[in-house]
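Everything on this sheet refers to the single structure shown next.
The values are calculated or read from the model by the stated rules, or taken from the named source; none is laboratory data. As the structure is a prediction and not an experimental result, all values here were calculated from the model. We place every Cβ from the backbone using ideal geometry, glycine too, and count neighbours over all the protein chains shown.
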Amino acid sequence: MNTRPSFLALVLPMILLQMTSVTWGQAVSSDRRRKRHGDETGDQTVGLMGCGRTKGCFRQPMECMGDNCMAYVTWETLGDGQSRFSLRAQAAGWVAFGLRPEGSTDNGMVPADVYACTNKGELRRSKNGPGFDSFPNPLPQNALDAVTTESAEFSNGVIRCTFTRQPSLDGDDSFYNISGNNQYFILMAFGSSIRPDGDIQGNQHQNRWSTADTRSLQFDFSPPMSSGEALPKAHASLMVIAWVGFASIGITMARFFKPMWPNSKLCGTKVWFTIHRMCMVTCVLCFSAAFVLIFVHRQGFVDTGERTIVVAHAICGIIVTCLGIINPIMAIFRPHPGTPNRPIFNWAHWGVGTTAHLLGLVTVFLGIGYNSTGLLRGIPDYVFFVMIVFIGFHILIWILFEVQRCMTESQGRSNDVALKATGDSTDHLSPDVDSDPPSDDLVPEGPCISQVTEEGSTAKTILLCIYVVGVIIAVAFLVISIAIAG
């Protein structure tokens, strides 16, 4: 008798729908925020798009986005060697960004080379030092050619400005040299104390922050496409092929197609099992190769100080890889069908495999990301929504399979007959990971016995073809998008 419960079809949709609905809500909310602030314009210096990949960022609170940020500063290196800085804060008077030298012992904001944007649309510069009281009048004469204001505005309680800065300025030691490997603590503050003439009152901060360590402002966040990106792209493509492609098809075959083609064999075993085994073996090979590639590229594990999404993706990837390797090892040492320990194996094999597949899809989501949070440079936002469409498609087909199975079992209970032994004395030696006993072990147990019938086989085969085509299209689209990203 088929003792495996059919609640998976209900549990899986609930889990995936909850996951995608939360992510969708976050994505839509983020998209609305970006549109309100103009972050979808061609000017990528506005907003936090590309933090850690195309620009450096210091924000409060950490990991905030858009309206959730009290203040932030971003910086990027331009082709002519200059650096572009963008400031934003929910402030009434001013927002300032500063550089404090690496060797300084004071843990405050002194000494520092500071740039402030005011609610009067001005950019001001100051050298923070002992006893300073206010920012001087707009940029001193010797800095006019070294610092260029691109935009500055104050509206709805938010100050924004963007300016470019030369790496250094001859004759001005307070204009810190940010070229080469020079590193500085990044400072940020904002306040409301501003004089009628536009001068900012010193030491009148509402909030102020400093990075915990020094940072280089000349780091190349957006290198051109090179062999350095080949390994991450190969890693991502192989993981998509493994978990979106082969794992999805293999698990579907094991879940719904054991009763199909009872009189046919493929490569000496049941059709469903041969396809299941081929898919899962290929899945293991793909994700194992991808796992090795990313470790070769990173030369070890990710730095725990990196973005939260990077660390989360790495941890989930390791867990998925471990589960994906444990499951086939369990299958090699599985008990024979009909033995007392066989049900334990069935549950363990199902649980580990299902967990690996679900977590694998979540890890792919983390890698693709949304709103430039993905781990590969240049992944378009629509790729995220393609993944959501695939999840919905997967859930829909599984629901249809469950409905078809329930209808078939209901129709077949009145005319099912007990199965007879096939006479194949070696059948128990075949590598069958079926959770149900083979046909020669079945014993009639009343009207609810699970029988192999031909009821609904045509509809089921059509659904399988639709599903396989859908999976292939999704995988091909994702892999192509990954390949051309950059």
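Before moving on, here are some points about what is shown:
- For V281, the conditions (1) closer than 30 Å to M62 by Cβ; (2) without any contact (Cβ under 8 Å) to a residue 60 or more places away in the chain are fulfilled apart from (1).
- When the criteria are applied in full, P343 fails the requirement of being modelled with pLDDT under 80, in the same structural domain as T458 (by TED's automatic domain parsing), surrounded by fewer than 18 Cβ atoms within 10 Å (Cβ to Cβ) and within 29 Å of I326 (Cβ to Cβ).
- Cross-chain or 6+ apart pairs with Cβ under 6 Å, the range 252-272 first and more than 20 Å from V471 (Cα to Cα), then acidic (D, E) and at pLDDT below 85: K258/D434
- Qualifying residue in the range 259-269 (condition: assigned to a helix (DSSP H, G or I) and touching a helix residue (DSSP H, G or I) at 6+ places or on another chain (Cβ under 7 Å)): no
- Looking only at the range 328-368, and only at residues there that are touching a residue at least 60 places away in the same chain (Cβ under 8 Å) and part of a loop (DSSP other than H, G, I, E, B), the one that is nearest to W243 (Cα to Cα): R334
- Condition broken by H336, with the remaining ones in (1) over 27 Å from I294 (Cα atoms); (2) surrounded by 15 or more Cβ atoms within 10 Å (Cβ to Cβ); (3) of a type outside the set (S, T, N, Q) satisfied: (2)
- Test: residue in the range 369-376 that is assigned to a helix (DSSP H, G or I) and of a type outside the set (A, V, I, L, M): no
- Candidates M278, M239, M253 - the one that is buried (at least 16 other Cβ atoms within 10 Å of the Cβ), out of contact with any helix residue (DSSP H, G or I) (no Cβ under 7 Å at 6 or more places or on another chain) and modelled with pLDDT of 90 or more: M278
- Any hit, the range 77-85, residues being touching a Cys at 6+ places or on another chain (Cβ under 7 Å) and over 19 Å from Y184 (Cα atoms): no
- Check on P167, within 25 Å of A212 (Cα to Cα), part of a loop (DSSP other than H, G, I, E, B) and either modelled with pLDDT of 80 or more or hydrophobic (A, V, I, L, M, F, W, C) (or both): yes
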